[in-house]
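Peer 1: Take this structure first; my questions come after.
The values are calculated or read from the model by the stated rules, or taken from the named source; none is laboratory data. Bear in mind that the values here come from a model prediction, so they are computed numbers and not experimental data. Counting neighbours? That spans all protein chains shown, and the Cβs are built from the backbone with ideal geometry, glycine included. We work out accessible area using only protein heavy atoms, side chains counted, and drop any ligands, DNA or RNA first. Shrake-Rupley method; radii C 1.70, N 1.55, O 1.52, S 1.80 Å.
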Amino acid sequence: MSSQRSFVNRRLHSLLGVIPVGFFLLEHLYTNYLASKGAEEFLGQVMWLWNLPFLLILEIFFIILPLLYHGIYGVYIAIQAKSNPGQFSTFRNWMFTLQRITGVITLVFVLWHVWDTRIRVVGFGKESTLELAKEMTVAQAETIQNPIFFWVFIIGTVAAVFHLCNGMWAFLVSWGITVGPRAQRISTYVWMAVFVIVSIMGVQAALGFADDSFIQEVEKINALQ
Amino acid sequence: MSNQTIHLIITRQDGPDSQPYKEEFKIPYRPNMNVISALMEIQRNPVNAEGKKVSPVVWESNCLEEVCGACSMVINGRPRQSCTALIDHLEQPIRLEPMSTFPVLRDLIIDRGRMFDALKKVKAWIPIDGTYDLGPGPRLAEIDRQWRYELSKCMTCGVCLESCPNVNSKSNFMGPFVVGQVDLFNSHPTGAMNKGERIEALISDGGLQECGNSQNCVRACPKGIPLTTAIAKMNKEATKHSFKKWLSF
């Protein structure tokens with residue numbers, strides 16, 4: 001019997017893209033969306049997350065490793081394809097191509113974003129105090145208030161959300177859940193709607209950070225209720 | 001009408017290892033021509049558009065009624081059978097290219113051998129030979145017969161492989177057609193006895209998992225085979241099969 005390694009790799013890639021990477025993206029966008037509700041709401045959620053037990057283990061095994069696997073194996077899948085939407089310009093073929101393009105955009109964006117926020121500002125081994133959360137939030141807001149980086153964030157976020165939603169469509173096919181053409185068509189509509197809603201949430205998050213008074217608001221907070 | 005000409009631009013290749021080149025031909029128009037009769041005209045009078053005598057363009061064809069799959073080529077950018085490509089329905093100049101996803105042997109002739117290797121790999125047949133008469137097989141429900149009839153239309157023409165972005169020199173994907181053939185034999189009541197073996201082969205290297213859901217195959221298939229439905233169905237079978245296998249170790 002020949003090897004089934006690529007089958008296992010593909011299925012693992014598909015599963016990890018949803019659990020935990022997809023769930024993490026939704027959680028992350030929800031947290032950041034709270035920034036549009038006010039600095040206090042956002043910092044409250046950050047402190048709640050930072051006080052989760054076994055945070056570093058959660059970060060390593062539920063975010064970093066699955067994300068790296070999905071990202072690296074995904075690049076391998078993307079470069080293997082010979083996209084041909086020019087020749088076959090059907091909706092699904094465009095989605096196939098866009099899935100690969102947004103995957104690469106998302107990976108580059110996420111790597112930069114992790115470095116810029118998690119590594120550069122928060123670092124490792126520091127105590128998760130409100131001061132550190134404020135420092136991180138201000139640094140983030142300063143980045144997003146630069147118009148170039150604002151658009152980097154918008155493009156990165158929308159690409160990530162697209163990749164998740166279209167990926168969910170493909171996940172349902174790859175695991176044999178949506179089988180027939182009608183089920184797959186309805187799935188397309190459902191994930192399109194999810195894409196619009198979650199993208200709006202992501203843009204709201206960026207707008208929250210980009211608000212002129214956001215940094216002052218953060219600095220005014222001395223204690224959380 | 002009688003002095004009208006047909007302008008063809010053909011991608012030619014002298015041998016398996018030689019470089020492809022384009023050659024133009026202008027041939028007299030006759031009503032109701034298809035691409036094959038145009039190629040036959042070039043064969044009869046192999047003179048290119050510059051008036052130079054060249055070796056005739058070679059191609060492969062058999063049935064001339066779109067059931068054998070031999071005459072597949074890329075016509076105006078689309079992989080399809082040349083027998084059903086009517087000149088009156090094509091935009092000129094008509095561009096003919098070999099389906100270069102496959103090894104090109106010469107001009108428009110390709111080697112579709114990999115498709116037959118794939119069929120052998122997934123055991124796309126029903127083993128009934130034995131040392132004694134096995135008797136009549138079980139009956140098939142009408143609804144299953146209808147589904148199997150659709151899948152049975154596959155003529156290994158190669159159009160689905162040519163249209164698939166994941167079938168190329170960088171990947172070892174066997175192609176969408178083979179998934180439909182596994183479904184065809186697994187949904188037969190006698191064939192179902194070897195279901196597991198076919199699924200095992202289908203999820204080995206170059207198998208089902210290489211599908212990227214561009215769904216070009218189902219659009220390109222000249223026989224309208226519901227390939228993407230078969231793919232999703234086999235995905236479900238593969239999911240069930242692997243869970244069962246891992247849990248029963």
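Peer 1: Using a basic spin-label model with each label point 7 Å from the Cα along Cα→Cβ, how many nm lie between A:Val194 and A:Ser128?
Peer 2: Between A:Val194 and A:Ser128, the label points sit 2.7 nm apart.
Peer 1: For segment A:12-26, just list the computed ³J(HN,Hα) in residue order, Karplus coefficients 6.51, -1.76 and 1.60, θ = phi - 60°, integers in Hz, with x standing in for Gly and Pro.
Peer 2: 5, 4, 5, 5, 5, x, 9, 10, x, 4, x, 5, 4, 4, 5
Peer 1: Still on this model: Which ³J(HN,Hα) values in Hz, rounded to whole numbers, follow from the phi angles of segment B:155-166 under the Karplus curve 6.51 cos²θ - 1.76 cosθ + 1.60, where θ = phi - 60° and Gly and Pro get x?
Peer 2: 10, 6, 6, x, 4, 5, 5, 5, 7, 7, x, 9
Peer 1: Ignore the peptide's own chain and count Cβ atoms of other chains within 10 Å of each Cβ in A:3-9; give me the average, rounded.
Peer 2: Details: counts 2, 11, 2, 10, 11, 4, 1.
Mean number of neighbouring Cβ atoms from other chains: 6.
Peer 1: Using just the Cα positions, wrap segment A:100-225 in a convex hull and report its mean projected area in square nanometres, one decimal place. Could the numbers behind the result be given before it?
Peer 2: Working: hull surface 40.3 nm².
So the Cα hull casts an average projection of 10.1 nm².
Peer 1: Using a/c under 1.5 as the rounded threshold, could you call chain A rounded, prolate or oblate? The axes a ≥ b ≥ c are square roots of the C-alpha gyration tensor eigenvalues, and prolate needs a/b larger than b/c, oblate otherwise. Show your work: numbers first, answer last.
Peer 2: Working: a/c = 2.18, a/b = 1.72, b/c = 1.27.
Prolate is the answer for chain A, as a/c is 1.5 or above and a/b outweighs b/c.
Peer 1: Now, a different point. Please list B:Leu90, B:Leu202 from largest to smallest accessible area, probe radius 1.4 Å, with all protein chains kept in place.
Peer 2: Numbers: B:Leu90 25, B:Leu202 0 Å².
Largest accessible area first, the list is B:Leu90, B:Leu202.
Peer 1: Here's something else I'd like to know. Which cysteines does chain B leave without a neighbouring Cys Cβ under 4.7 Å?
Peer 2: Here B:Cys71, B:Cys83, B:Cys154, B:Cys157, B:Cys164, B:Cys211, B:Cys221 come out as lacking a disulfide-compatible partner, given the Cβ-Cβ threshold of under 4.7 Å.
Peer 1: Shape of segment B:115-168 from its Cα gyration tensor (a ≥ b ≥ c, root eigenvalues): rounded if a/c is under 1.5, otherwise prolate when a/b > b/c, or oblate?
Peer 2: Details: a/c = 4.03, a/b = 1.66, b/c = 2.43.
Since a/c reaches 1.5 but b/c is at least a/b, the shape of segment B:115-168 is classed as oblate.
Peer 1: Add +1 for every Lys or Arg and -1 for every Asp or Glu among the other residues with Cβ under 12 Å from the Cβ of A:Gly74, and state the total. Display every interim value, and only then the final one.
Peer 2: Numbers: positive: A:Arg10, A:Arg100; negative: none.
Computed value for this residue: +2.
Peer 1: For B:158-165, what's the mean count of beta carbons from other chains sitting within 10 Å of each residue's beta carbon? Walk me through the numbers on the way to the answer.
Peer 2: Working: counts 0, 0, 0, 0, 2, 4, 5, 12.
Average neighbour count from other chains, rounded to a whole number: 3.
Peer 1: Additional query: Heavy atoms only, 1.4 Å probe, whole protein assembly: order B:Glu66, A:Glu131, B:Glu91 by accessible area, highest first.
Peer 2: So, going from the largest accessible area down, we get B:Glu91, A:Glu131, B:Glu66.
Peer 1: Using only alpha carbon positions, build the gyration tensor of the protein assembly as shown, then give the equivalent ellipsoid semi-axes as the square roots of 5 times its eigenvalues, largest first, whole angstrom. List each step's numbers first, then the result.
Peer 2: Working: eigenvalues 553, 184, 63 Å².
They are 53, 30, 18 Å, listed from largest to smallest.
Peer 1: Can I ask one more? Efficiency by 1/(1 + (r/R0)^6): what FRET value for B:Val58 and B:Met193, r their Cβ-Cβ distance, R0 = 41 Å, to the nearest 0.05? Don't jump to the answer; show the numbers that get you there.
Peer 2: Values: r = 44 Å, r/R0 = 1.07.
Approximately 0.40, to the nearest 0.05.
Peer 1: Further, regarding this structure: Quick one: what does P(r) look like for chain B with 10 Å bins over all Cα pairs, in whole %?
Peer 2: Values per bin, smallest distances first: 7, 27, 29, 19, 12, 5, 1, 0.
Peer 1: Treating cross-link reach as a plain straight distance, find the lysines whose alpha-carbon is under 22 Å from the alpha-carbon of A:Lys126, omitting any fewer than eight places away in the same chain.
Peer 2: A:Lys134
Peer 1: Tell me, what is a quarter of the convex hull surface for the C-alpha atoms of segment B:180-249, in nm² with one decimal?
Peer 2: The directionally averaged projection comes out at 5.2 nm².
Peer 1: For segment B:113-248, what is the per residue volume of the convex hull drawn over the alpha-carbon atoms, in cubic angstrom? Provide the component values of the computation, followed by the final result.
Peer 2: Details: hull volume 17.0 nm³, N = 136.
Output value, Cα hull per residue: 125 Å³.
Peer 1: Grab the DSSP H runs of chain B that are 4 residues or longer, score each as -39,500 (n - 2.57), total them, divide by all residues and round the 222 nm result to the nearest 500 deg cm²/dmol.
Peer 2: Values: 8 runs with 80 residues, N = 249.
Counting only the DSSP helices, I get -9500 deg cm²/dmol.
Peer 1: Okay, moving on. Once a ≥ b ≥ c are taken as the square roots of the eigenvalues of the Cα gyration tensor of segment B:5-110, is the result rounded (a/c under 1.5), prolate (a/b larger than b/c) or oblate (a/b not larger than b/c)? Could you put the intermediate results ahead of the total?
Peer 2: Details: a/c = 1.57, a/b = 1.03, b/c = 1.53.
Oblate shape, in that a/c is at least 1.5 and b/c is the bigger or equal ratio.
Peer 1: I'd like to compare A:92-98, A:142-148, B:99-105, B:209-215: which one has the highest average count of other Cβ atoms within 10 Å, and what's the full order after that? Let's see the in-between values first.
Peer 2: Details: A:92-98: 20.0, A:142-148: 14.1, B:99-105: 18.1, B:209-215: 24.3.
Ranked by mean Cβ neighbours within 10 Å, highest first: B:209-215, A:92-98, B:99-105, A:142-148.
Peer 1: Need one number: nm distance between label points at A:Ile79 and A:Phe62, each 7 Å from Cα along Cα→Cβ, rounded to one decimal.
Peer 2: Distance between the two pseudo-spin positions: 3.3 nm.
Peer 1: When you look at the Cβ of every residue in B:228-237, what mean number of other chain Cβ atoms sits within 10 Å?
Peer 2: On the way: counts 6, 5, 1, 4, 12, 3, 2, 10, 7, 1.
Rounded to a whole number, the mean comes out at 5.
Peer 1: Another question about this same structure. Only helical DSSP H runs with n ≥ 4 go in: add -39500 (n - 2.57) per run for chain A, normalise by residue count and round the 222 nm mean residue ellipticity to 500 deg cm²/dmol. Provide the component values of the computation, followed by the final result.
Peer 2: Values: 10 runs with 159 residues, N = 225.
That calculation yields -23500 deg cm²/dmol at 222 nm.
Peer 1: With 18 Å as the limit, write out which pairs from B:Lys195/B:Lys240; B:Lys120/B:Lys236; A:Lys37/A:Lys220; B:Lys170/B:Lys195 have Cα-Cα distances beyond it, or answer none. Mind dumping the intermediate values first?
Peer 2: Numbers: B:Lys195/B:Lys240 12 Å; B:Lys120/B:Lys236 22 Å; A:Lys37/A:Lys220 16 Å; B:Lys170/B:Lys195 30 Å.
Listed pairs above 18 Å: B:Lys120/B:Lys236; B:Lys170/B:Lys195.
Peer 1: From Cα pairs below 8 angstrom and at least 6 apart in sequence, can you work out the relative contact order of segment B:5-110, rounded to a whole percent? Working shown, then result.
Peer 2: On the way: 204 pairs, mean separation 35.8, N = 106.
Computed over segment B:5-110, the figure is 34 percent.
Peer 1: May I ask which residue of A:Ile119, A:Phe7, A:Tyr33 lies farthest towards the positive end of the charge dipole of chain A, with charges of +1 (Lys, Arg) and -1 (Asp, Glu) on Cβ and the Cα centre as origin?
Peer 2: Selected residue: A:Phe7.
Peer 1: A further question on this structure: Would you kindly derive the ³J(HN,Hα) couplings of segment B:230-236 from the backbone phi angles with the Karplus curve 6.51 cos²θ - 1.76 cosθ + 1.60 (θ = phi - 60°), listing them in order in whole Hz, with x for Gly and Pro?
Peer 2: For segment B:230-236, the Karplus curve yields 4, 5, 5, 5, 5, 4, 4 Hz.
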